[in-house]
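> Structure below; questions to follow.
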Number of protein chains: 2
Amino acid sequence: MGDGEFDLIKSLRESLSLRRLDAAHGLVEGVGDDAAVLRQTSELDTVITTDLLVEGIDFTLTGDEKTDASVIGRRAVAVSLSDIAAMGARPRWLLLSVGVPRKLWERGFARALLSNAMTYASDIGVTLVGGDISRTLEHVVVDSIVLGEVERGRAVLRSGARVGDQIFVTGSLGGASAGLKILEGGRVRQSHSGARMTSATRGLVARQLQPTPRVEWGALLGERRLASAMIDLSDGLSSDIMHICRESRAGARIEAASLPLDPLLESAGITGDDALSLALHGGEDFELLFTVSERDARGLPSQLDGVQATRIGEVTRERGKVRLVRDGRARLLRPGGFDHFGRTRR
Amino acid sequence: MGDGEFDLIKSLRESLSLRRLDAAHGLVEGVGDDAAVLRQTSELDTVITTDLLVEGIDFTLTGDEKTDASVIGRRAVAVSLSDIAAMGARPRWLLLSVGVPRKLWERGFARALLSNAMTYASDIGVTLVGGDISRTLEHVVVDSIVLGEVERGRAVLRSGARVGDQIFVTGSLGGASAGLKILEGGRVRQSHSGARMTSATRGLVARQLQPTPRVEWGALLGERRLASAMIDLSDGLSSDIMHICRESRAGARIEAASLPLDPLLESAGITGDDALSLALHGGEDFELLFTVSERDARGLPSQLDGVQATRIGEVTRERGKVRLVRDGRARLLRPGGFDHFGRTRR
């Protein structure tokens with residue numbers, strides 16, 4: 001870590017009185033040296049993830065710098081928190097690398113971004129321990145690195161699903177991608193017209209810009225060994241279930257009628273095939289998709305902190321094949337989510 | 001981790017047969033899930049650092065894509081390895097976030113960069129365990145995250161220097177910044193003229209583009225508890241010694257005649273005040289600057305793997321002040337290295 005960022009992060013942290021929190025969280029020496037030092041214990045494994053968000057690809061600046069800094073910082077952290085949750089781990093530490101053009105730097109953009117991200121992380125019990133700051137020629141980039149911990153050997157992988165396991169998803173589906181289409185001025189059929197946003201469209205846009213990672217669900221599923229496999233919905237259900245199937249050498253049957261559509265979709269006039277398609281192929285809901293053995297499914301809480309988990313299907317022996325059951329007919333469901341390079345629709 | 005990068009990193013790793021190495025290195029589940037899982041032990045602390053390198057600021061593309069990808073990948077990793085060494089820790093794991101414009105992506109630039117970085121890291125015993133890949137609109141960005149391990153409580157901080165401790169530096173000074181000036185077509189006086197590079201200027205450019213982090217020195221100084229404080233020379237000696245002084249609430253006296261000038265400087269015709277200035281204020285040599293108690297200094301090897309450590313001064317009680325002794329006269333040395341934001345000279 002260099003010194004610009006060292007001083008900045010240090011001063012931000014001091015303003016948040018994070019030092020006492022650190023001791024409780026196993027941070028030996030955090031901010032202010034060449035690297036942060038984290039204490040290990042023999043009972044835990046560390047999980048680590050990194051997510052790069054790029055202006056013009058993952059987000060667009062609206063011109064309202066205060067909002068932009070806050071939204072981008074929070075979103076970057078949320079995406080990484082979701083990865084940690086998907087491992088059944090509890091997030092603990094955060095590092096942020098931020099690149100901003102000089103003009104934005106001079107207006108305090110990096111400080112605002114870091115400060116917002118840190119406050120958001122801190123509310124979830126995650127401590128900012130380092131990062132890097134650089135100028136860029138033109139665009140904002142943010143790399144978010146989150147470390148979490150999980151009891152030794154209890155990390156939930158994509159590869160643990162067994163035939164007969166029940167498939168669950170937290171929260172609701174399709175909202176984030178509807179929000180993206182609204183932001184892009186896309187052609188989602190809506191009951192309202194004109195430029196004014198209804199509260200439903202505003203809510204969908206928020207689902208896109210400010211995703212809520214399912215931190216508590218992830219930690220619970222790991223700690224209680226309930227999930228046999230798990231992934232977070234970043235690419236879209238049809239793509240992400242395929243990852244579990246491929247890694248677990250199994251198949252899946254999904255029941256269309258069971259999918260928990262985002263209630264804002266209907267409020268915004270998005271129904272029928274449009275809504276189903278968003279729920280199946282829309283990405284970035286950052287819900288958790290996980291499998292549970294039939295026995296363990298009985299011990300699964302139906303909700304946690306107000307967030308439901310819904311049974312949407314079952315793991316089958318039809319290796320690498322996902323079937324969607326709708327109106328009594330099962331058809332093959334192909335991955336239809338994001339093309340990961342470029343994050344554009346296929 | 002998404003899937004583009006998951007598949008890419010997985011295939012790169014398989015081609016390097018890294019799986020067996022992983023088991024020895026405490027990697028439980030590395031590449032291919034939402035996050036990498038690393039095993040903790042109660043005898044170790046984890047150290048972590050992140051460094052963001054940005055096209056147009058930290059490097060310029062020369063148009064030779066193969067060279068560019070290789071140089072940038074290696075440099076990004078080297079900078080982070082140097083941070084880990086400066087903590088007295090041994091580097092273990094690497095994550096790389098890479099952003100490239102579509103044109104370069106299509107030519108395999110990201111794959112070449114990752115592949116080169118991974119091979120370089122692997123030679124040092126460091127395993128690539130994750131990362132992220134994104135498109136950018138225009139410029140290449142690389143964020144390098146390295147995790148290392150150190151015996152519990154033995155991380156070497158900047159704050160541990162005591163009055164009377166001897167100050168040492170590994171390797172030689174001034175080469176990297178001379179190389180930067182040559183690259184920038186700067187006004188360093190040189191014995192040769194014209195566009196053809198001599199082997200000395202080529203060597204200096206390599207010191208800039210391909211720094212060698214002092215991994216073995218760092219690990220030894222931590223393991224044997226020899227260094228009381230340490231930092232790597234990224235900003236320049238005059239700036240970096242000040243960080244140790246500030247954090248250790250002490251001062252320093254540096255002897256100009258003892259500074260190990262890069263021998264390539266003289267070969268390139270850079271001598272006298274020019275050479276001294278580069279050694280004092282030039283950044284990015286990525287040597288280790290450390291302090292050792294008088295007693296421990298006797299146990300310090302004079303070299304390790306062919307890299308010397310040179311005594312260059314002493315820690316004093318003149319808090320926050322660094323003095324340079326030259327021709328018997330001591331004058332105040334002010335930090336004159338990089339302005340960290342923007343990495344341009346002050």
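> Ordering B:Lys66, A:Lys103, A:Lys321 by how much accessible area each has at a 1.4 Å probe, largest first, what is the list? Before the final figure, lay out each step's value.
Details: B:Lys66 165, A:Lys103 135, A:Lys321 85 Å².
These residues rank, largest area first, as B:Lys66, A:Lys103, A:Lys321.
> Moving on to the next point. What are the principal axis extents of the Cα atoms in the range B:97-161, in Å, biggest first?
Ordered largest first, the range B:97-161 gives principal extents of 49, 25, 17 Å.
> Same structure, new question: If you average the sequence gap of Cα pairs under 8 Å that are 6 or more apart and divide by the length of the range A:202-346, what percent do you get for the contact order? The partial results should precede the final answer.
On the way: 222 pairs, mean separation 54.0, N = 145.
The normalised contact order for the range A:202-346 reaches 37 percent.
> Measuring from a point 7 Å out along Cα→Cβ, what nm distances, shortest first, does A:Asp64 have to its partners in the other copies?
Those separations, rounded to one decimal, come out as 5.0 nm.
> Mind checking the dipole of the range A:221-346: about its Cα centre, +1 per Lys or Arg Cβ, -1 per Asp or Glu Cβ, Debye to the nearest 20? All intermediate terms of the calculation are to be shown ahead of the outcome.
Values: 19 positive and 20 negative charges, 164 e Å.
My answer is approximately 780 debye.
> Same structure again: Label the range B:241-319 by shape, choosing from rounded, prolate and oblate, from the square roots a ≥ b ≥ c of the eigenvalues of the Cα gyration tensor; if a/c is under 1.5 it is rounded, and otherwise prolate applies when a/b is larger than b/c, oblate when it is not.
Values: a/c = 2.18, a/b = 1.34, b/c = 1.63.
It is oblate, given that a/c is not under 1.5 and a/b is not larger than b/c.
> Here is a follow-up. Alpha carbon centre of the range B:78-112 versus the range B:116-184: separation in Å?
10
> Also: Largest first, what is the accessible-area ranking of A:Arg158, A:Arg207, B:Arg323 with a 1.4 Å probe? The partial results should precede the final answer.
On the way: A:Arg158 5, A:Arg207 45, B:Arg323 70 Å².
Putting A:Arg158, A:Arg207, B:Arg323 in descending order of accessible area: B:Arg323, A:Arg207, A:Arg158.
> Compute, for the range B:42-181, the length of the dipole vector about the Cα centre, with Cβ point charges of +1 (Lys, Arg) and -1 (Asp, Glu) only. Units Debye, rounded to 20. Write down the numbers at each step before the final one.
On the way: 15 positive and 17 negative charges, 23 e Å.
The dipole magnitude comes to about 100 debye.
> Could you list which residues have their amide H under 5 Å from that of A:Leu259, counting only those 5 or more apart in sequence or on another chain, with H placed in the peptide plane?
Those qualifying (amide H under 5 Å, at least 5 residues apart or on another chain) number zero.
> Show me the ranking of peptides B:43-55, B:306-318 by mean Cβ neighbours inside 10 Å, starting with the highest. Mind dumping the intermediate values first?
Details: B:43-55: 24.4, B:306-318: 17.5.
Going by the mean number of other Cβ atoms within 10 Å, highest first, we get B:43-55, B:306-318.
> Which distances in nm, rounded to one decimal and ordered from shortest, link the label point of B:Arg202 to the equivalent label points in the other identical copies, with labels set 7 Å from Cα toward Cβ?
Copy-to-copy label distances for B:Arg202: 6.6 nm.
> Per-residue mean of other chain beta-carbon atoms within 10 angstrom of the beta-carbon, peptide B:51-63? Don't skip to the answer; put the middle values down first.
Values: counts 6, 15, 4, 8, 2, 4, 6, 4, 0, 0, 0, 0, 0.
That average works out to 4.
> In addition: What Kirkwood radius, in Å to one decimal, follows from the Cα pairs of the range A:189-268? Intermediate results must be reported in sequence, preceding the final value.
Working: mean 1/r = 0.0644 Å⁻¹.
Evaluated on the range A:189-268, it is 15.5 Å.
> So, one more: Once you order the gyration tensor axes a ≥ b ≥ c over the Cα atoms, which shape class does the range B:50-170 get: rounded for a/c under 1.5, otherwise prolate or oblate by comparing a/b with b/c? List each step's numbers first, then the result.
Values: a/c = 2.68, a/b = 2.08, b/c = 1.29.
Judged from the Cα gyration tensor, the range B:50-170 comes out prolate (a/c at least 1.5, a/b above b/c).
> Quick check for you: with a 1.4 Å probe and neighbouring chains kept, what is the accessible area per residue of the range A:24-170, in Å²? Each step should come with its number before you reach the end.
Values: 4070 Å² over 147 residues.
Value for the range A:24-170: 28 Å² per residue.
> How far is A:Gly269 from itself in the other copies, in nm, if each label sits 7 Å out from Cα along the Cα-Cβ line, shortest first?
7.6
> Just in the range A:24-117: which chymotrypsin sites (Phe, Trp or Tyr not before Pro) are loop by DSSP and have at most 10 other Cβ atoms within 10 Å? Provide the component values of the computation, followed by the final result.
On the way: sites: A:Phe59, A:Trp93, A:Trp105, A:Phe109; in loops: none.
Within the range A:24-117, no chymotrypsin sites (Phe, Trp or Tyr not before Pro) qualify (loop, at most 10 other Cβ atoms within 10 Å).
> Roughly how big is the A-B contact, given as buried accessible area in Å² (both sides, 1.4 Å probe, nearest 100)? It would help to have the intermediate numbers written out before the result.
Details: alone 16530 and 16500 Å², together 26810 Å².
Adding both sides of the contact gives about 6200 Å².
> For peptide B:238-249, how many partner chain Cβ atoms fall within 10 Å of a residue's Cβ, on average?
Working: counts 0, 2, 1, 0, 1, 6, 0, 0, 1, 2, 0, 0.
Mean partner-chain Cβ count within 10 Å for B:238-249: 1.
> Quick check: at a probe of 1.4 Å, how many percent of the accessible area of the range A:209-346 sits on carbon and sulfur atoms?
42
> Hey, got the average number of other protein chain Cβ atoms within 10 angstrom for residues in A:226-232? Show your work: numbers first, answer last.
Working: counts 0, 0, 0, 1, 2, 2, 1.
Rounded to a whole number, the mean comes out at 1.
> Same structure again: Rounded, prolate or oblate for the range A:278-328? Axes are the square roots of the Cα gyration tensor eigenvalues, ordered a ≥ b ≥ c, and the cut-off for rounded is a/c under 1.5. Working shown, then result.
Details: a/c = 1.95, a/b = 1.19, b/c = 1.64.
Oblate, because a/c is 1.5 or more while a/b does not exceed b/c.
> To the nearest 10 square angstrom, how much accessible area does A:His281 have with a 1.4 angstrom probe?
40
> Quick check: pseudo-label points 7 Å beyond the Cα along Cα→Cβ at B:Thr198 and A:Ser199, how many nm apart are they?
Between B:Thr198 and A:Ser199, the simple spin-label model gives 7.7 nm.
The values are calculated or read from the model by the stated rules, or taken from the named source; none is laboratory data. Just so you know, these numbers come straight off a predicted model, no measurement behind them. Note: ideal-geometry Cβ built from the backbone for every residue, glycine included; neighbour counts use all protein chains shown. The area values use the complete protein model at the heavy-atom level, side chains included, leaving out ligands, DNA and RNA. Shrake-Rupley method; radii C 1.70, N 1.55, O 1.52, S 1.80 Å.
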